[in-house]
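The values are calculated or read from the model by the stated rules, or taken from the named source; none is laboratory data. Everything quoted here is computed from the prediction, not taken from an experiment. Glycine also receives a Cβ, built like all others from the backbone with ideal geometry; neighbour counts cover every protein chain displayed.
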4 protein chains.
Amino acid sequence: MIFSSDNWAGASAPVSEALTRHASGLVPAYGNDPLTDAVTRRFSQIFERDVAVFFVATGTAANALALSAYARPGGVIFSHQSAHIQVDECGAPEYFTGGGKLRGLPGANGKIDPADLIRLMGEHPDGNPMHGQVSAVSISQATECGTVYRPDEIRALAEAAHARGIPLHMDGARFANAVAFLGLSPAEVTWKAGVDVLSFGATKNGCWCAEAVIFFNPDSALQFAYLRKRAGHLFSKSRFAAAQFEGYLADGHWLANAGHANAMARRLAQGLEAAGNRLAWPVEANEVFPVLSRATIARLRAAGALFYEWPADGVDPDQSAVRLVASFATDPADVDRFVAVAAG
Amino acid sequence: MIFSSDNWAGASAPVSEALTRHASGLVPAYGNDPLTDAVTRRFSQIFERDVAVFFVATGTAANALALSAYARPGGVIFSHQSAHIQVDECGAPEYFTGGGKLRGLPGANGKIDPADLIRLMGEHPDGNPMHGQVSAVSISQATECGTVYRPDEIRALAEAAHARGIPLHMDGARFANAVAFLGLSPAEVTWKAGVDVLSFGATKNGCWCAEAVIFFNPDSALQFAYLRKRAGHLFSKSRFAAAQFEGYLADGHWLANAGHANAMARRLAQGLEAAGNRLAWPVEANEVFPVLSRATIARLRAAGALFYEWPADGVDPDQSAVRLVASFATDPADVDRFVAVAAG
Amino acid sequence: MIFSSDNWAGASAPVSEALTRHASGLVPAYGNDPLTDAVTRRFSQIFERDVAVFFVATGTAANALALSAYARPGGVIFSHQSAHIQVDECGAPEYFTGGGKLRGLPGANGKIDPADLIRLMGEHPDGNPMHGQVSAVSISQATECGTVYRPDEIRALAEAAHARGIPLHMDGARFANAVAFLGLSPAEVTWKAGVDVLSFGATKNGCWCAEAVIFFNPDSALQFAYLRKRAGHLFSKSRFAAAQFEGYLADGHWLANAGHANAMARRLAQGLEAAGNRLAWPVEANEVFPVLSRATIARLRAAGALFYEWPADGVDPDQSAVRLVASFATDPADVDRFVAVAAG
Amino acid sequence: MIFSSDNWAGASAPVSEALTRHASGLVPAYGNDPLTDAVTRRFSQIFERDVAVFFVATGTAANALALSAYARPGGVIFSHQSAHIQVDECGAPEYFTGGGKLRGLPGANGKIDPADLIRLMGEHPDGNPMHGQVSAVSISQATECGTVYRPDEIRALAEAAHARGIPLHMDGARFANAVAFLGLSPAEVTWKAGVDVLSFGATKNGCWCAEAVIFFNPDSALQFAYLRKRAGHLFSKSRFAAAQFEGYLADGHWLANAGHANAMARRLAQGLEAAGNRLAWPVEANEVFPVLSRATIARLRAAGALFYEWPADGVDPDQSAVRLVASFATDPADVDRFVAVAAG
């Protein structure tokens, strides 16, 4: 009953097999190998346009380096106040953007509201160096609350960003879960809705170390090879990052993995709601945030369940919200047992 | 006949098998898993003292972050002018040290001389902010010329560095090759000779992505967890970096791999020398730098051999030095064929 | 009727005369001149202990460089949400601290509350790199609301900071106004109350370019000469910064200037309150924040008065808070005329 | 007999008077005052085209920030190995360019040779992130050897830089001395010869703190207001920087000051040469580098002369080169006495 995080899971079989399949043989280093080329072309197919693709080692690197490609002196980056870039990355976005300021916005269900965004960006008018300058807007898809932006929501934020001359970045650490939930094409939820650059995360969903920064306008990526190398994120044996993506993207495996995780989250949510527990936010991707009594939490922990308590609004003193994360590796039996123990 | 680089090789069988062995199961993320713990302890055994161990994604990251742990404002880092940190890392050391200046020293066989080092450090006396301040000395082991520092050579440089209050860093991208050549314990060629921090590289020698920064004085590492995370180099699924090291370090596999590479280099060297070719530098690790006639080079390329030309002194206009790198995966038949083609 | 800012004023006579007095003659550069030495000693007298003193060009530089002396990777700096370092310095503190994150606290009258501070620092527990690490607390004295911290208020914040192992920085852009208001010694409102480092501002109060970073524990300043030079803030002709301080600190001139500014602010406040206007915050230093009707504001502007509107809570739609700043150069006749026009 | 440096001199009378003249009155802060505007227009007159002008506090800031306006990740900046940015600025250029690498070129008389520059830039071909990328060329005018680039020499370097898509920066700490020597217009020795950005230094030649970064193509300066503010180099009371330039630039005062300094240097050189002393480099601006016997040096020091020994080639063991710097404030009597003492 481990629901601590989807990055507690390992590598799924097609990914693991791809690593083994490409283990031998001598091929060019630093991304000049045929497999890296093939995977890059595969991304262009998936996104239905030419994209610039850069593998990096972690999601933190993907986010921080993607934002650094648009950095400006005195730059200000806007995101939800619960965003991973705000609270979980040890200042990496600030560091790689040369001291960028991250301003957090409130917003229901982990999403930012265009009106709030426009108002806050307004505190940084163009041409006044004192207050710095707007430099990027970043959203998480799925969000840190387990919800998923709809294309029109993304488009509204993109328009607000573009009206100020800045890009919309999408932190897609759980991009597959969002796509699987929406049932739309990757293109529809990204560049067709105005996204400029995407952190395409695969690690949480079945790879061991596979993150890609994807620029939908390759012109914006002209300096990125240097930004990545300077940060120590150019793999010498790039083929192994590529191999993971090969396995991950083949035959819809990535969406199958995400679909399983999402289904496990729904199953958790339905079971917990049926037993009378409130959910802090709607369950759309692979995360569930039930509000549980402290007694229930204690009972679950005694039974060996692993999960984190989580901040949420409107929670009574004898309760706590908790975060339950399902992954491609989640066993339905674990879900059912968790629900049963929670029911008491 | 691929002698372009040791990072054109893939993953050796024990490393690849360890990745597969640990692919399933749910374990804590971000390095809090049992395997990461076990590998860390293994490093302490290998080095015969408690060491602080940090996995990172690349050798560039290992070097730059290791140096950043000792950064000072206006800091100056001293290394051989041919060092990887000087010429091949896109300014990563400068970037992560907040604008450190890298000063390159000449020196025979890719090694720096203590007297030269002391003289150059003297241009940055303590207490004069104009000229900056000394902050680290870095050596490559094996060197970029394929040679290997002896313990007393290391000790002399360490003493010069310590006399100025700064650490000695060792870029061990080919550390295994150096240890295999010397036949000494890892402790003898590192901290017992005065090394403070080591970039322990395993990628070139049979892993796909396994680099560790090793601090011999753990007190110096107190901020490193933050430096690494801020740089996006904390793996969420740390177990897979650990798994590679598990396979790499078990049963002397790492030294066996390096021993094979070194032997292949010697075989190349002996064959080429027997045919009357001069070597630019002594062959001690897994790199060979013969000076070949342009006709020989053309003949080798026509036969399908891959390698890079390399700058070296004292080369006639109708000649060029070339770099030949052997790896754990080098086939002796390829070596013999290369020698035969070169002989004409 | 110019109440836009105290940095619209020029240089007061003793400061200007000191500049002229030291204009000729050849003296050592880069702070090695006798006048710089003398002024440094004068600061130690004023603060009743040995202090380390560094002139820099601007208040922004003083704040950002002071904080950089205590920077940590992933560091988080805490201040009031209205602090100058938060909103008016174009990311300089973030930049010079290598990507530090500035977290803003609410708090009545521009002051932060120790309980709030402790709670917010608690979101960054030691040893968890994801969330970064606490690195400094910064307060403004006088505050951006024109109020002044009392020594016991400072002490409580210092204790909270020190309990987490981080320093208390004081942005003293209007330090003289605060000291003049409190009628206490400079020592009592700084290190005796727990302040570790002070941005001692003199520019707003009668100098043209005279700011000093003052370390109360000189050991903390060991790297500061390098931090300053690397930032381009070491004056070659340091004597002229020193000369300004000589004139400023002689014969209590600095406190006389501040006392005049404070008195003009009180006179403004009393006149406006007598006419029925509310003040957003108490008037303690040289700034007044009346809430005026839009009609009054229009009448004042029509009469030539210059000032900025200012955000404040609880203001009706037909009103606005405005900021009125008095300086050493404020003419009482201007004050009285402003009050008269405001009264209608 | 003080010849240590031209920044040991104070402020010349017209500069000092301008500071006093503008000391009173209330004017807008942060460069929005009429005097700053007027001085900016004055610079456009002097340079015969619209230029973008930014005052900063020091020459180090001017150089480092000017270069930062053209920074690229992994960027490499080329200059003479004796350049101030290389040896005397505590890593400020590296810091403000985000870890730029400064490569030093040899070259006779403190000047770099286009062929050498092209060759060294060739080590950083476009499109190879490992080796970083070229980002700027910087020359000093006058050079650190006291010599002056001719327009055709500048043009050749500018063409080499522009051919690689990078700008030519001129460190004009002693720009006035160079212009006075050449007898050409400021335009002819800058943008008409291909210079893109100039650090226009006035401090050494009669101001106390007046440095300007001048962009000849204002489009390149669009981010500079933010770069400057973020570095803490935007003066709140900008009028005082402007006032110095007003006095400095009026009635040819700046060239008169420089002409005096140059004449004093020539007088020194002629006297020393007449007594049989060799000069390390030609005397063109306000610096003289005679090679003196140690006995002569001792005799001069005993007589109270102040100056620095300086590295130079081809100096016998019983000799040393010394640097003698004349300024606007140099007294001919001091020159003559120095020559007489040196003559023995």
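Just wondering, is there one or more residues in the range C:198-220 that are of a type in the set (Val, Ile, Thr) and within 14 Å of chain D (Cβ to nearest Cβ)? Yes: the range C:198-220 contains one or more residues that are of a type in the set (Val, Ile, Thr) and within 14 Å of chain D (Cβ to nearest Cβ).
Filtering B:Leu279, B:Leu227, B:Leu255, B:Leu324 for residues that are in contact with a helix residue (DSSP H, G or I) (Cβ under 7 Å, 6 or more places away or on another chain) and free of Cβ contacts under 8 Å to residues at least 60 places away in the same chain leaves a single hit, B:Leu279.
Within the range A:326-344, the set of residues being surrounded by 15 or more Cβ atoms within 10 Å (Cβ to Cβ) and not hydrophobic (A, V, I, L, M, F, W, C) comprises A:Ser327, A:Thr330, A:Asp334, A:Arg337.
Within the range B:196-252, the set of residues being surrounded by fewer than 24 Cβ atoms within 10 Å (Cβ to Cβ) and at positive phi comprises B:Asp251, B:Gly252. Being farther than 19 Å from C:Gly344 by Cβ, in contact with a Ser or Thr (Cβ under 8 Å, 6 or more places away or on another chain) and not small (Gly, Ala, Ser) is a condition met by at least one residue of the range C:261-275.
Results for (1) small (Gly, Ala, Ser); (2) under 29 Å from A:Thr58 (Cα atoms), shown as yes or no for each residue.
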{"position": "A:Lys237", "(1), (2)": "no, yes"}
{"position": "A:Tyr248", "(1), (2)": "no, yes"}
{"position": "A:Ser293", "(1), (2)": "yes, no"}
{"position": "A:Ala302", "(1), (2)": "yes, no"}
{"position": "A:Val315", "(1), (2)": "no, no"}
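Filtering the range C:47-63 down to residues that are in contact (Cβ under 8 Å) with a residue 60 or more places away in the chain and in a helix (DSSP H, G or I), which residue is nearest to the other protein chains (Cβ to nearest Cβ)? My answer is C:Ala61. Going by what's in this entry, would A:Arg174 be described as at negative phi and either surrounded by fewer than 22 Cβ atoms within 10 Å (Cβ to Cβ) or among the hydrophobic types (A, V, I, L, M, F, W, C) (or both)? When the stated conditions are applied, A:Arg174 does not pass them. C:Gly122 meets each of the listed conditions (1) more than 15 Å from the chain's Cα centre (by Cα); (2) crowded, with 24+ Cβ neighbours inside 10 Å apart from (2). Tell me, please, whether a residue that is touching a helix residue (DSSP H, G or I) at 6+ places or on another chain (Cβ under 7 Å), assigned to a strand (DSSP E or B) and of a type outside the set (D, E, K, R) can be found in the range B:187-195. No, the range B:187-195 contains no residue that is touching a helix residue (DSSP H, G or I) at 6+ places or on another chain (Cβ under 7 Å), assigned to a strand (DSSP E or B) and of a type outside the set (D, E, K, R). Here the condition is being in a helix (DSSP H, G or I), within 25 Å of C:Asn205 (Cβ to Cβ) and not assigned by TED's automatic domain parsing to the domain that holds C:Cys209; of C:Phe245, C:Phe338, C:Phe328, it holds for C:Phe338 alone.
Can you spot a residue in the range A:262-280 that is in contact with a strand residue (DSSP E or B) (Cβ under 9 Å, 6 or more places away or on another chain), crowded, with 24+ Cβ neighbours inside 10 Å and assigned to a loop (DSSP other than H, G, I, E, B)? Looking for residues that are in contact with a strand residue (DSSP E or B) (Cβ under 9 Å, 6 or more places away or on another chain), crowded, with 24+ Cβ neighbours inside 10 Å and assigned to a loop (DSSP other than H, G, I, E, B), one finds none in the range A:262-280, hence no. Yes or no: the range D:124-144 includes at least one residue that is more than 30 Å from A:Ser236 (Cβ to Cβ) and within 14 Å of chain B (Cβ to nearest Cβ). Yes, the range D:124-144 has at least one match.
Evaluating A:Gln81 against the criteria (1) free of Cβ contacts under 8 Å to residues at least 24 places away in the same chain; (2) more than 14 Å from chain B (Cβ to nearest Cβ) leaves one unmet condition, (1). Inside the range C:1-14, residues that are more than 7 Å from chain D (Cβ to nearest Cβ), under 19 Å from the mean Cα position of the chain (by Cα) and assigned to a helix (DSSP H, G or I) make up a count of 1. Restricting the search to the range C:87-115, which residues are more than 8 Å from every other protein chain (Cβ to nearest Cβ) and either more than 22 Å from the chain's Cα centre (by Cα) or of a type in the set (Gly, Ala, Ser) (or both)? Of everything in the range C:87-115, those that are more than 8 Å from every other protein chain (Cβ to nearest Cβ) and either more than 22 Å from the chain's Cα centre (by Cα) or of a type in the set (Gly, Ala, Ser) (or both) turn out to be C:Gly104, C:Gly107, C:Ala108, C:Gly110, C:Ala115.
Just to be sure, is D:Ser44 within 14 Å of another protein chain (Cβ to nearest Cβ) and of a type outside the set (D, E, K, R)?
On the way: within 14 Å of another protein chain (Cβ to nearest Cβ): no; of a type outside the set (D, E, K, R): yes.
The answer is no for D:Ser44.
Which residues, counting only those in the range D:20-39, are outside any loop (DSSP other than H, G, I, E, B), farther than 16 Å from D:His233 by Cβ and more than 7 Å from chain C (Cβ to nearest Cβ)? Of everything in the range D:20-39, those that are outside any loop (DSSP other than H, G, I, E, B), farther than 16 Å from D:His233 by Cβ and more than 7 Å from chain C (Cβ to nearest Cβ) turn out to be D:Arg21, D:Pro34, D:Leu35, D:Asp37, D:Ala38, D:Val39. Screening D:Ala187 against (1) surrounded by fewer than 24 Cβ atoms within 10 Å (Cβ to Cβ); (2) more than 17 Å from the chain's Cα centre (by Cα); (3) not aromatic (Phe, Trp, Tyr) leaves a single unmet condition, (2).
If you go through the range D:84-103, how many residues are surrounded by 24 or more Cβ atoms within 10 Å (Cβ to Cβ) and either within 14 Å of D:Val134 (Cα to Cα) or not assigned by TED's automatic domain parsing to the domain that holds D:Phe175 (or both)? Outline the logic, then answer.
Residues of the range D:84-103 that are surrounded by 24 or more Cβ atoms within 10 Å (Cβ to Cβ), as a first pass: D:85, D:89-97, D:99-102.
With either within 14 Å of D:Val134 (Cα to Cα) or not assigned by TED's automatic domain parsing to the domain that holds D:Phe175 (or both) added as a condition, the list becomes D:94, D:97, D:99-102.
Within the range D:84-103, residues that are surrounded by 24 or more Cβ atoms within 10 Å (Cβ to Cβ) and either within 14 Å of D:Val134 (Cα to Cα) or not assigned by TED's automatic domain parsing to the domain that holds D:Phe175 (or both) number 6.
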